[in-house]
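Student: My questions will all concern the structure given below.
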Amino acid sequence: MFFKHYRCTQCGKEYKRDEVRYLCPDCSKDYRAGMPLTGVLEAIFDYESIGRKWKENPGIELFAAVEPEFYPELSVGNTPLFRSNRLAEAIGLTDLSIKNDGLNPSGSLKDRASHLVVAEALRLKEKKVVTASTGNAACALSALCASAGLEAVIFAPQSAPPAKLVQIKVHGATLVTVDGTYDDAFAASLEYTTREGGLNRNTGYHPLTIEGKKSVGLEIYLQNGQNVPDWIVVPVGDGVILAGVHKAFVDLQRAGIISRLPRLLSVQAESSDAITKYFITGRYSDAVKPSTIADSISVRTPSNAHWAVRALKETNGTSITVTDDEISQAQNLLAKTTGVFAEPAASAGLAGLIKAVGQHTISRTDKVVLLVTGHGLKDIGAVKV
């Protein structure tokens with residue numbers, strides 16, 4: 001394994017593997033739940049050795065931050081990437097591929113982060129993993145903990161879609177519903193971990209959530225014939241999937257495998273626009289009142305806002321917002337032209353792509369990958385047909 005240490009994305013200080021579990025102690029000393037995370041850690045690897053090994057036998061496992069011997073039995077990832085000529089023609093593109101992560105075991109990309117955090121819990125001999133979620137991360141953690149024989153403790157808003165709450169319960173997780181938002185659930189989960197112990201899987205808070213989501217970017221590169229797309233379109237709530245995709249290609253570049261990064265298009269729901277505003281204005285402020293059918297990206301205070309904006313700047317990307325009507329229309333178009341049924345949050349990416357093409361931000365001949373992050377059966381109550 002080529003994992004070396006953690007490095008703070010804010011101050012650059014480096015920490016040994018088990019020296020720090022969550023955030024940089026120096027940069028996070030003033031952190032309080034309800035503000036974007038400070039002192040987020042990134043995993044650093046022996047990139048020179050990875051570059052040599054990649055030439056012999058390329059593979060995602062070279063960038064693993066936990067030994068495969070600790071992986072839970074439930075297999076995650078290796079979801080399909082496929083060309084969609086019908087959708088491309090419908091929206092005015094010539095080269096569009098879809099990465100369908102709704103085909104992960106629990107139905108969303110969040111399985112990737114949970115898979116790696118559960119592996120870390122097994123390595124550390126922790127018996128309990130805790131998270132806050134609007135549903136998908138909770139479903140993922142519940143399934144992966146069930147596979148590994150660990151206890152999952154979930155804090156979720158009462159407003160989470162019923163199908164997701166059922167999925168959490170059926171895997172035997174302990175579900176604590178919170179009368180409030182995702183941000184309230186996030187705070188409650190931190191309080192619980194401090195009081196009761198266990199490993200906290202909160203997105204961005206634990207660095208391996210970013211490493212887990214990084215795997216989708218590595219798969220895109222490999223499945224695309226080891227070619228870097230011009231654009232990757234990502235639906236964005238807390239900014240961790242965006243950071244994970246960014247980290248995948250940064251790691252490939254650090255290892256000398258690629259020479260350029262793909263441009264990233266961040267797509268947010270209109271009422272959950274904190275990262276978009278931050279990117280445009282250079283000043284952070286919370287989303288005023290998140291209220292959208294896209295529950296998985298409905299966030300007042302995005303935990304990974306700082307890294308998300310950095311990722312957009314470093315890739316010469318951009319961030320736009322879409323309305324609920326645009327999301328619903330995109331959900332139907334995606335299903336009718338590709339056969340992919342995506343939940344509203346996952347459909348937001350297509351809504352944003354359509355807008356970006358219409359605004360000439362993305363050119364007709366650009367090679368684009370659309371990341372679909374969750375299955376439509378997650379929230380059938382939000383579907384308009």
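Here, each number is a calculation from the coordinates, and none is a lab measurement. All figures in this text were calculated on a predicted structure; none of them were measured in a lab. All Cβ positions, glycine included, derive from the backbone under ideal geometry; neighbour counts span all protein chains shown.
Student: With springs connecting C-alpha atoms under 10 Å apart, model the chain as a Gaussian network and identify which of Ala137, Ala43, Ala33 has the largest mean-square fluctuation.
Tutor: Judging by the Gaussian network model, the answer is Ala33.
Student: Kindly list the residues of segment 51-78 that lie in the label zone of Leu124, defined by a backbone N under 20 Å from the point 7 Å along the Cα-to-C-beta vector.
Tutor: 64-73
Student: Compute the distance from the alpha-carbon center of segment 284-308 to that of segment 131-209, in whole Å.
Tutor: Spelled out, the Cα-based centre of one part sits 18 Å from the other.
Student: With 31 Å as the limit, write out which pairs from Lys55/Lys378; Lys289/Lys355; Lys53/Lys277; Lys128/Lys289 have Cα-Cα distances beyond it, or answer none.
Tutor: Pairs exceeding 31 Å: Lys55/Lys378; Lys53/Lys277; Lys128/Lys289.
Student: Here's another thing I want to ask about it. Mean Kyte-Doolittle hydropathy of 1.0 or higher plus an axial Cα length of 15 Å or more: which whole DSSP H helices in the chain meet both?
Tutor: Going by DSSP H runs, the hits are 136-148, 344-358.
Student: Based solely on its DSSP helices, what 222 nm [θ] is calculated for the chain when runs of n ≥ 4 H residues each add -39,500 (n - 2.57) and the sum is averaged over all residues, nearest 500 deg cm²/dmol?
Tutor: Counting only the DSSP helices, I get -12000 deg cm²/dmol.
Student: On to the next question. Figure the gain on full extension for Asp18 and Val288 (residue separation times 0.36 nm, minus the Cα-Cα span) and round it to one decimal in nm.
Tutor: Between Asp18 and Val288, full extension yields 93.4 nm more.
Student: Work out, step by step, the length gained on full extension between Lys4 and Asp325: first 0.36 nm times the residue separation, then minus their alpha carbon distance; give nm to one decimal.
Tutor: 111.0 nm
Student: Quick check: from the Cα gyration tensor, does the chain come out rounded (a/c under 1.5), prolate or oblate?
Tutor: rounded
Student: Between Thr281 and Thr174, how high is the FRET efficiency from 1/(1 + (r/R0)^6) when r is the Cβ-Cβ distance and R₀ = 45 Å? Nearest 0.05.
Tutor: 0.65
Student: So which aspartates and glutamates pass the test for Lys4, namely a Cα distance under 14 Å, with those fewer than 8 places away in the same chain ruled out?
Tutor: The reachable aspartates and glutamates, counting only those whose Cα sits under 14 Å from Lys4, are Glu14, Asp18, Glu19, Glu42, Asp46, Glu48, Glu67, Glu211, Asp251.
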